[in-house]
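Taking it in order: structure first as structure tokens, then the write-up.
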């Protein structure tokens, strides 16, 4: 009997021990499942019209964590391998790329040199920016994972430009199929897209790189800055980009939210229309440029979240460290040289006509409208009357309407290189030269930059080009803004990157 009782006791103990072990395993599995089911919700201001990576919506595709390019930029804005693991330059127009192996598209198809070629060719066909950036003459498949690219002319910035979202690699057979979503290669893949509302992406279990820590990321498209702020405060979203400057003080009082900033590669500027009779004369452009209170704008409008712009490029870039020379002549001297006199209202006048100009602004970047009003006030004080006209589509208005001045904002070095912006914004034959500025010396310098490979020499040429621009003044550069983010403190790994399309990545996480 004693033996039997002992055996029963041991059996009961074993049962409870086994139950405890199984319960522990079940708890561990449940915890693991919960961890793998974590979701991040973010708010972005711009909604894509489609998920075609080779359309004007390529930035939003990249921001979702779905798309990848052959090259990416590191935190020093230098090109590093991504889908292309290495490359070499055979001559001034020929490049060889070795691709990562065992990369699959989201539909399970293998990524190889042939599929990359087809993707790049489609990009060149559909996207004008890709053509301007890459200047490709021919793409040839050498082996399953080896590709040759020949450019039309020497293009020293080809590697950096292959980081542009317009060159996202996609299985092109999936884009035109209305029954499927485009198949990319990124850490997250498409789950659901509601146009103008939201995008839901889920972890790509077959990802070739580090597996995503999150199960899903939901992107809510909220165009209004105050509405994004409310969504963040209420916990509807975990992070929000492009927080309006005047909302920063509100967020800083919320202990659950962290305010993050990043130096932007963007420049807020004032355009001169060189076809305007009033601004053909450089002295008139100098008067306007001298009247802009840049430091006041940084402190009051930007609330310190920006720096005075001395040139098109931010001074966080090696080629952006340009000094702005102060004009030695007074406004009176500059104006009277052209035969202008002030009338009884204090406005400059010539042959009975007042110096009166039209300035365009637009609502999508509200800080620019505030800057426009400050500049308008300063110009009236020095004798120039300014009429501000708000337009909904600034690019259309610049092409189709009459204007003298215009507020504008441009991401001037989105690939970390000066070549693209100088070519499209300043070359006399460029359709994107919105100021209608022409300079033979600058065209020559840009051509030289395009053919120069050595980094220090390229930077020196870019600085010299900006010195020409600052002398001729086709634009007045005002401020390099910082980008402002609001992030709830549970979010880990959200990096406020100057490059505006790397926000969602595999190692972003949410602590529960």
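We did not get these values from a lab; they are worked out from the coordinates using the rules stated. Keep in mind the model is a prediction, meaning the values are calculated, not measured. Because the Cβ atoms are built from the backbone with ideal geometry, glycine has one as well, and the counts that use them run over all protein chains shown.
Using the alpha-carbon atoms, what tilt in degrees (0 to 90, nearest 10) does helix 113-126 show relative to the longest principal axis of the chain?
Value to nearest ten degrees: 40.
Compute for segment 397-512: radius of gyration divided by Kirkwood radius, i.e. Rg/Rh, restricted to C-alpha atoms, rounded to two decimals.
In segment 397-512, Rg relative to Rh is 1.09.
How large are Rg and Dmax for segment 266-483 when calculated on the C-alpha trace, in angstrom?
17.2, 58
Normalised radius of gyration for segment 131-188, please: alpha carbon Rg relative to 2.2 N^0.38 Å, two decimal places. All intermediate terms of the calculation are to be shown ahead of the outcome.
Numbers: Rg = 13.9 Å, N = 58, 2.2 N^0.38 = 10.3 Å.
Here the answer is 1.35, to two decimals.
I need the peptides 224-237, 409-422 ranked by packing, meaning the mean over residues of other C-beta atoms within 10 angstrom, with the highest value on top.
409-422, 224-237
Run the numbers for residue 332 and residue 125: contour at 0.36 nm per residue of separation, minus the present Cα-Cα distance, in nm. Intermediate results must be reported in sequence, preceding the final value.
Numbers: separation 207, 0.36 × 207 = 74.52 nm, distance 5.25 nm.
Full extension of this stretch gives 69.3 nm more.
I'd like the per residue volume of the convex hull spanned by the Cα atoms of segment 190-337, given in cubic angstrom. Could you put the intermediate results ahead of the total?
On the way: hull volume 30.6 nm³, N = 148.
It is 207 Å³ per residue.
Arranged by the count of other C-beta atoms within 10 angstrom, fewest first, what order do 505, 268 take? Walk me through the numbers before you get to the answer.
On the way: 505 18, 268 23.
Starting with the residue having the fewest Cβ neighbours, the order is 505, 268.
Assuming 0.36 nm per residue, please report the length gained on full extension of the stretch residue 152 to residue 253 beyond their Cα-Cα distance. Kindly include the intermediate steps, with their values, before the conclusion.
Working: separation 101, 0.36 × 101 = 36.36 nm, distance 5.50 nm.
Once the chain is fully extended between residue 152 and residue 253, it gains 30.9 nm.
When averaged across all projection directions, what area in nm² does the alpha-carbon convex hull of segment 243-282 cover? Please report the intermediate quantities before stating the final value.
On the way: hull surface 19.2 nm².
Convex hull of Cα atoms, orientation-averaged projection: 4.8 nm².
Helix-only estimate, please: 222 nm mean residue ellipticity of the chain, summing -39500 (n - 2.57) across DSSP H runs of length 4 or more and dividing by its residues, to the nearest 500. Don't skip to the end; give the middle numbers.
Details: 15 runs with 165 residues, N = 512.
For the chain, the value works out to -10000 deg cm²/dmol.
Can you give the percent of C-alpha pairs in segment 425-468 whose distance is more than 16 Å? Spell out each step's value before the answer.
Working: 337 of 946 pairs.
That fraction is 36 percent.
Once the convex hull of the C-alpha atoms of segment 162-251 is built, how many Å³ does it hold per residue, rounded to a whole number?
Values: hull volume 13.6 nm³, N = 90.
Considering the Cα atoms of segment 162-251, their hull volume per residue is 151 Å³.
Taking the Cβ of each residue in 168, 80, 347, 375 as the centre, tally the other Cβ atoms inside 10 Å and list the residues starting with the fewest.
On the way: 168 28, 80 12, 347 16, 375 25.
In increasing order of surrounding Cβ atoms, one gets 80, 347, 375, 168.
Given 10 °C and 1.306 mPa s, compute D for segment 34-88 with the Stokes-Einstein relation, Rh being the Kirkwood radius over Cα pairs; round to the nearest whole µm²/s. Please list the in-between numbers first.
Working: Rh = 13.7 Å.
Rounded to a whole number, D works out at 116 µm²/s.
Helix 440-451 against the longest principal axis of the chain: what's the angle in degrees, Cα atoms only, rounded to the nearest 10?
Once rounded, one gets 20 degrees.
When the scattering of the chain is computed by the Debye formula from its Cα atoms alone, each counted once and equally, what is log10 I(q)/I(0) at q = 0.06, 0.13 Å⁻¹?
Those come out to -0.35, -1.31, one per q.
How much space per residue, in cubic angstrom, does the convex hull of the C-alpha atoms of segment 86-195 take up? Show your work: numbers first, answer last.
On the way: hull volume 12.3 nm³, N = 110.
So the per-residue hull volume is 111 Å³.
Among 148-158, 308-318, how do they line up by average Cβ neighbours within 10 Å per residue, starting with the highest? The partial results should precede the final answer.
Values: 148-158: 17.6, 308-318: 21.2.
Sorting 148-158, 308-318 by mean packing, highest first, produces 308-318, 148-158.
Mind checking the full-extension length gain between residue 512 and residue 457? Use 0.36 nm per residue of separation minus the Cα-Cα distance, one decimal, nm. Before the final figure, lay out the partial values.
Numbers: separation 55, 0.36 × 55 = 19.80 nm, distance 5.03 nm.
Result: 14.8 nm gained on full extension.
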